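Contents: one structure, followed by commentary.
The values are calculated or read from the model by the stated rules, or taken from the named source; none is laboratory data. Bear in mind that the values here come from a model prediction, so they are computed numbers and not experimental data. Virtual Cβ from ideal backbone geometry, glycine too; neighbours counted across all protein chains shown. Ligands, DNA and RNA are stripped out before the accessible areas are found, and what is left, the full protein with its side chains, is counted by its heavy atoms. Shrake-Rupley method; radii C 1.70, N 1.55, O 1.52, S 1.80 Å.
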Amino acid sequence: MQNLICDIDGDGIATVTLNRPAKRNALNAATIEELIALFSALPGSGARAVVLRAEGPHFCAGLDLVEHGQAERTPAEFMRLCLRWHEAFNKIEYGGIPVIAALKGAVVGGGLELVSSVHIRVMDETTYFGLPEGQRGLFTGGGATIRVPALIGKARMVDMMLTGRLYAGDEAVQVGLAQYRTVDSEAKARELARAAAQNTELSNFAICSGISHMQNMSGLDAAYAEATLAGIVNTQDAARGRLDAFAKGTGVKIKPA
Ligand code: 1HE
């Protein structure tokens with residue numbers, strides 16, 4: 001891989017790095033193909049959770065505008081490219097392993113589309129979110145119209161695209177663009193990944209794919225799918241020890257530390 005780096009430690013925590021800092025980690029076609037290959041392979045690789053981070057001061061500047069401008073793509077070519085973006089981000093959202101993004105600097109355009117597909121977003125003090133497509137004469141093509149309103153609502157997304165409004169700081173957390181804001185987003189993302197990796201593989205699979213699938217269904221079908229998934233997850237052998245421990249009074253108590 002030329003634009004991504006992946007390392008997996010002994011605890012199964014994978015670190016995936018966007019590694020095109022000289023171009024502010026702009027997403028060219030090659031990076032999208034690398035994301036597809038990587039997030040297709042990770043679920044069967046022993047990885048229990050993923051930290052998605054970036055080299056350089058900015059997390060991701062979105063679509064590679066220079067490549068796009070020079071490629072002179074036809075509408076059909078760009079539509080096909082968008083399908084590859086969807087493939088990449090679907091692999092992340094529906095892959096069944098927790099993906100936690102450690103954000104900094106610009107998270108804009110396609111960069112926001114990318115991080116809308118992860119399961120937890122952690123921002124630092126430098127992070128800001130934008131959808132500058134309107135200012136660039138473009139439109140979102142990587143799934144933002146589905147995922148961004150699910151985070152912040154349609155009205156805020158439309159405002160961001162029409163006016164170039166940026167969100168940062170507490171406001172970004174309040175509207176739902178990030179769940180955590182901290183000085184060191186990478187350290188926090190790693191801590192969260194380690195916590196998530198303690199869950200059983202099946203629970204995480206259900207949480208990190210089932211919830212998203214169920215959001216795409218009617219309420220009736222989602223309830224049925226939930227019951228079916230719970231039938232599998234909630235009777236797994238891997239949970240037996242945890243249930244026995246609770247019955248004996250040695251299980252973890254669910255209360256603030
Ligand atoms: C890029 C890109 C890019 C930087 N494509 N090359 N996205 C945007 O509209 C955001 C465009 N980028 C920026 O506004 C700024 O670059 C940043 C605020 C992110 C960073 O600023 P700065 O001052 O740190 O860096 P820079 O000097 O602007 O850029 C450094 C290099 O990165 C420079 O290349 P160089 O060869 O001249 O050194 C830039 O050209 C390059 N670079 N961003 C290509 N995006 C599926 S549809 C999705 C539609 C969208 O994503 S629209 C949003 C596009």
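The set of residues in region 20-33 that are touching a helix residue (DSSP H, G or I) at 6+ places or on another chain (Cβ under 6 Å) and within 8 Å of the ligand (Cβ to nearest atom) comprises LEU27, ASN28. The criterion of at least 1 residues that are away from the ligand (no atom under 13 Å from the Cβ) is met by the following helices (runs of 4 or more DSSP H) wholly inside region 96-168: 144-152, 154-163. Which of the residues that make up region 27-63 are among the small types (Gly, Ala, Ser) and modelled with pLDDT of 95 or more? Selection gives ALA29, ALA30, ALA37, SER40, ALA41, ALA47, ALA49, ALA54, GLY56, ALA61, GLY62.
To keep it simple, each residue is scored yes or no on (1) open to solvent by less than 50 Å² (accessible area, probe 1.4 Å); (2) in contact (Cβ under 8 Å) with a residue 24 or more places away in the chain; (3) not in a helix (DSSP H, G or I).
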site: GLN174; (1), (2), (3): no, no, no
site: ARG190; (1), (2), (3): no, yes, no
site: ALA206; (1), (2), (3): yes, yes, no
site: ILE232; (1), (2), (3): no, yes, no
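If you scan region 34-62, which residues turn out to be more than 14 Å from the ligand (Cβ to nearest atom), part of a helix (DSSP H, G or I) and in contact (Cβ under 8 Å) with a residue 24 or more places away in the chain? Give the steps one after another, and end with the answer.
Taking region 34-62 as the starting set, the residues that turn out to be more than 14 Å from the ligand (Cβ to nearest atom) are 34, 36-53.
Next, only the ones that are part of a helix (DSSP H, G or I) stay: 34, 36-44.
Matches in region 34-62: GLU34, ILE36, ALA37, LEU38, PHE39, SER40, LEU42, PRO43.
Being over 25 Å from GLU125 (Cβ atoms) and open to solvent by 90 Å² or more (accessible area, probe 1.4 Å): is that true of GLN198 here? Steps first, answer last, please.
Working: over 25 Å from GLU125 (Cβ atoms): yes; open to solvent by 90 Å² or more (accessible area, probe 1.4 Å): yes.
Yes; evaluated as a whole, the condition is true for this residue.
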